[in-house]
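Down below is the structure, laid out as structure tokens.
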Amino acid sequence: MNTATASRPAKAAAKQTGKGASSSQPIPEGTTDVSTLASAPPPIQTINEDKERKVEQLGPARLQTAEFVRNVHVADAAPGTQPQDLEVPSYWAHVGEKLKARDRVEVWTDDNAWMAECVVLAASKTEAIVKVLGAWDLNGHQVAHDRTDSALTAYRVEFRGHFERWGVIRKADNALVHSQEATEGAAYAWLKERLKAGV
């Protein structure tokens, strides 16, 4: 066998996996934090590929604007809901008739603790089959850090509904000291500034 000829495929493969190979990884839709790109899923691999398979080129009738094919919804999840709950078909029982296959749903919790992006695979009047494409903790890291401050033990921070949002409660008399912060982390930040000022 000609060793020069045999080495050509190896060289070609090395060239493809070298500089610039990472650019082939798909960027998750809706992701803006570049630090998350390191965990992006690898390209879809072909399973049991038929070498005789012919690929039909995409025709004009198969390319349409997204608005023509599917809807984009925004849902407000009740406090206590977790991202995994979204993949339970019965979770969507009251809104299934508003959904259809290929729809996208952006889910936010009332307290802005996390948000998720989902795609609808199938829907009926009583349920929907939904796949969570991604979920993001919006303030968990900040809150976990703030709670380590012992000066905060005389207070508690809680979500108080759409109007009052996140509020600060003094434990001694259960009095509402402050409210209408957009996130739990923001409420803790306000409390720390208050304590620092000696109020």
Scanning region 96-115 residue by residue, those modelled with pLDDT of 95 or more and part of a strand (DSSP E or B) turn out to be ARG104, VAL105, GLU106, VAL107
Only unsatisfied item for ALA93, checking (1) modelled with pLDDT under 95; (2) more than 19 Å from the chain's Cα centre (by Cα); (3) not polar (S, T, N, Q), is (1)
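The values are calculated or read from the model by the stated rules, or taken from the named source; none is laboratory data. In this text the structure is predicted, and so the values were computed from the model without any measurement.
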